[in-house]
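The values are calculated or read from the model by the stated rules, or taken from the named source; none is laboratory data. What you see is a predicted model, and the numbers here were worked out from it, not measured in a lab. Don't worry about glycine lacking a Cβ; one is built from the backbone with ideal geometry, like all the others, and counts go over all protein chains shown.
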Amino acid sequence: MNILRALVSEKFDWRKFMTLRATVAGRGLFARKLFRKSQAIGHMSGKLITSDDYDPDYVVDMGDLGVLEPNAPFRYLNHSCEPNCELLEWQPKKVPEPQIWVHALRTVRPSEQLTIDYGWPAESAIPCLCGSATCRGWIVDEAELERVRRRERMRRRSA
């Protein structure tokens, strides 16, 4: 069966293509097969939440639609400052809401953790545990990194 057809079918068993393992950041999602650069890895499904009172830990911003709280397996996509995956929005013609798909940014080998760059705003930044060679030290959008560094310098001076 073609992997893309399997990904969109109701009977998609993600465990054939991915597995969960413990990481320093909690559970992580790991490849069981080779994913080539630009290949669709899977459709991120989940609960669309429109309430302003909802305070989730990890969600995908869907703009005016609200936020998407992902189901397994993609709720276990961890952050990396050197991600190997990205989230792409796709608007099918017959579906009112856009879909979020996980795509490989580069070739992902079996046993490699699938990661994305969370790109959080400075006010949501937390210390990063990714361990990549170019780790920013914070889970934050690269454009907002200097704001976080300034905030931390000010915090240390006042302590």
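Here are some notes:
- Residue match in region 69-86 (condition: within 22 Å of Val24 (Cα to Cα), in a helix (DSSP H, G or I) and either outside the structural domain of Arg21 (by TED's automatic domain parsing) or touching a residue at least 40 places away in the same chain (Cβ under 8 Å) (or both)): yes
- Scanning region 44-56 for residues that are under 13 Å from Leu77 (Cβ atoms) and of a type outside the set (Gly, Ala, Ser) yields a single hit, Met44.
- Qualifying residue in region 90-107 (condition: within 20 Å of Ile139 (Cβ to Cβ), part of a loop (DSSP other than H, G, I, E, B) and among the polar types (S, T, N, Q)): no
- Scan of region 1-20 for residues that are of a type in the set (Lys, Arg) and modelled with pLDDT of 60 or more, ordered by number: Arg15, Lys16
- Residues that are closer than 15 Å to Ala40 by Cα, touching a Cys at 6+ places or on another chain (Cβ under 8 Å) and part of a loop (DSSP other than H, G, I, E, B), drawn from region 108-129: Leu114
- Residue list for region 21-37, filter: modelled with pLDDT of 95 or more and surrounded by fewer than 16 Cβ atoms within 10 Å (Cβ to Cβ): Arg21, Ala22, Arg27, Arg32, Lys33, Leu34, Arg36, Lys37
- Filter result for Glu89 (at pLDDT below 95 and within 14 Å of the chain's Cα centre (by Cα)): yes
- Just one of the listed residues (Ala159, Ala125, Ala143) is outside the structural domain of Phe17 (by TED's automatic domain parsing), modelled with pLDDT of 90 or more and surrounded by fewer than 11 Cβ atoms within 10 Å (Cβ to Cβ), and it is Ala143.
- Matching option when the condition is β-branched (Val, Ile, Thr), surrounded by fewer than 19 Cβ atoms within 10 Å (Cβ to Cβ) and more than 18 Å from the chain's Cα centre (by Cα), among Val148, Val59, Val95: Val95
- Applying the set (1) in contact (Cβ under 8 Å) with a residue 24 or more places away in the chain; (2) under 18 Å from Asn78 (Cβ atoms); (3) buried (at least 16 other Cβ atoms within 10 Å of the Cβ); (4) touching a Phe, Trp or Tyr at 6+ places or on another chain (Cβ under 8 Å) to Arg136 leaves exactly one unmet item: (4).
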